[in-house]
Amino acid sequence: MPELPEVEVVRLGLAPAVTGARVEAVSVVDPRGVTRHVGGVADFESRLAGAVLGAPVRRGKFLWVPVAERGEALLAHLGMSGQVLLRDETTAPERHVRVQLWVDGPGGAVRIDFVDQRTFGSLAVEAMAADPLAARVGRRGGEAFAWPDVPASVAHIALDPLDPRFDDEAFIRRLRMKRTEVKRALLDQTLVSGIGNIYADEALWAARVHPRTIASTLSAQAARRVIEEARAVMVRALSEGGTSFDAQYVNVNGQSGYFSRSLNAYGRAGQPCHRCGRAIVREAFMNRSSHYCPRCQRLR
DNA sequence: AGCGAGCCCTGCGCGC
DNA sequence: TGCGCGCAGGGCTCGC
């Protein structure tokens, strides 16, 4: 379940099950489910055994559950096809189950299955590290936000637009210094996190910006529209449970979201633009595709 | 700094 | 039916 809204749906569903719960057992069914874990399968299992879990945290597309007493966290990235499912003992695991956790806590006893068809996703147990963004904001004299530690491999990931600490003005300045295409910049998780191919196309459509526009040529107003529309579309998607085209992208109960009905650009090649009626164009981009309206989103 | 290519995988729908 | 191809919402590393 890739982009920010889908990962947030998982975080929200996971919170009541894991917060304050204790890990009773761990089983790595397929070692590819823990490729991000440095120490290997046995180390992963032993680091989680008996751990008391905190409230899950998300940054961009990364999700983690702190294990405060050990200064570590269980980190998850869902890749292209990862799912986190809450199951009871009697439910048979999915075909592509990679890791299973049995936890017991205030929310009761539950089995957590990490399922991932394509295995680009992974779990890991990692040490927490100081958030390097704290220093940067401090230098600018930013507001008095708390900057808790983050898992080591998340330290290079930018804040996402739903984070209250996200600084729109700083983002706009950085974006307009880039001599690269604006869509590429939106997908750069070190500039702004959480945006993937769907929401990049949707944000650019809403902002009326062509995906190949060189970021440094954007007006301040256009750059502002891009980030504000990115945030708006992700908030709307979240309120509808995320975007699902099939059963691949589901919440912790296996249910799909409804936002695919509300898409304006992504996946709509050849269909009329909802604003002007012109056919949406699909164009190859970075081994993927861009979708945009050739009339509303003019280059330059 | 930035970019393209390649890599990590499985499964689906399509045309032949 | 079967086969090969292109496609899929991500991210990391490499060489240039």
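Some notes on this structure:
- The criterion of at least 2 residues that are within 16 Å of DNA strand C (Cβ to nearest atom), touching a His at 6+ places or on another chain (Cβ under 9 Å) and in contact (Cβ under 8 Å) with a residue 12 or more places away in the chain is met by the following strands (runs of 3 or more DSSP E) wholly inside the stretch A:46-143: A:62-67, A:108-116, A:122-129.
- Among the conditions (1) touching a helix residue (DSSP H, G or I) at 6+ places or on another chain (Cβ under 9 Å); (2) outside the structural domain of A:F44 (by TED's automatic domain parsing), A:P106 misses just one, which is (2).
- Residue satisfying all of: in the stretch A:186-208; within 16 Å of A:D163 (Cβ to Cβ) and assigned to a loop (DSSP other than H, G, I, E, B); farthest from DNA strand B (Cβ to nearest atom) among these: A:G194
- Cβ-Cβ under 8 Å pairs, at least 6 apart or on other chains, the stretch A:171-197 side in contact (Cβ under 8 Å) with a residue 12 or more places away in the chain and farther than 18 Å from A:T243 by Cβ, far side within 10 Å of DNA strand B (Cβ to nearest atom) and among the hydroxyl-bearing types (S, T, Y): A:R176/A:S216; A:M177/A:S216; A:K178/A:S216; A:R179/A:S216
- Among the residues of the stretch A:93-110, those that are of a type in the set (A, V, I, L, M) and more than 16 Å from DNA strand B (Cβ to nearest atom) comprise A:L101, A:V103, A:A109, A:V110.
- For A:G254, the conditions (1) more than 16 Å from DNA strand B (Cβ to nearest atom); (2) at positive phi all hold with the exception of (1).
- Looking across A:W102, A:W64, one residue alone is of a type in the set (F, W, Y) and under 18 Å from the mean Cα position of the chain (by Cα). It is A:W64.
For (1) in a loop (DSSP other than H, G, I, E, B); (2) out of contact with any Cys (no Cβ under 6 Å at 6 or more places or on another chain); (3) within 9 Å of DNA strand C (Cβ to nearest atom), each residue gets a yes or a no:
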site: A:R261; (1), (2), (3): no, yes, no
site: A:A265; (1), (2), (3): yes, yes, no
site: A:R275; (1), (2), (3): yes, no, no
site: A:S289; (1), (2), (3): no, yes, yes
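- Hey, A:K178 over 20 Å from the mean Cα position of the chain (by Cα) and either under 26 Å from A:M286 (Cα atoms) or small (G, A, S) (or both) or not: yes
- Test: residue in the stretch A:214-222 that is in contact with a Pro (Cβ under 9 Å, 6 or more places away or on another chain) and at pLDDT 95 or above: no
- Here A:R11 does not qualify as farther than 15 Å from A:V103 by Cβ, crowded, with 16+ Cβ neighbours inside 10 Å and in contact (Cβ under 8 Å) with a residue 60 or more places away in the chain.
- Per-region count, the stretch A:80-114, residues surrounded by fewer than 24 Cβ atoms within 10 Å (Cβ to Cβ) and either among the polar types (S, T, N, Q) or closer than 18 Å to A:A155 by Cα (or both): 4
- Among the candidates A:A279, A:A237, A:A232, the residue that is within 20 Å of the chain's Cα centre (by Cα), more than 16 Å from DNA strand B (Cβ to nearest atom) and over 29 Å from A:I112 (Cα atoms) is uniquely A:A232.
The values are calculated or read from the model by the stated rules, or taken from the named source; none is laboratory data. Everything numeric in this text was worked out from a predicted model, so none of it was measured. Virtual Cβ from ideal backbone geometry, glycine too; neighbours counted across all protein chains shown.
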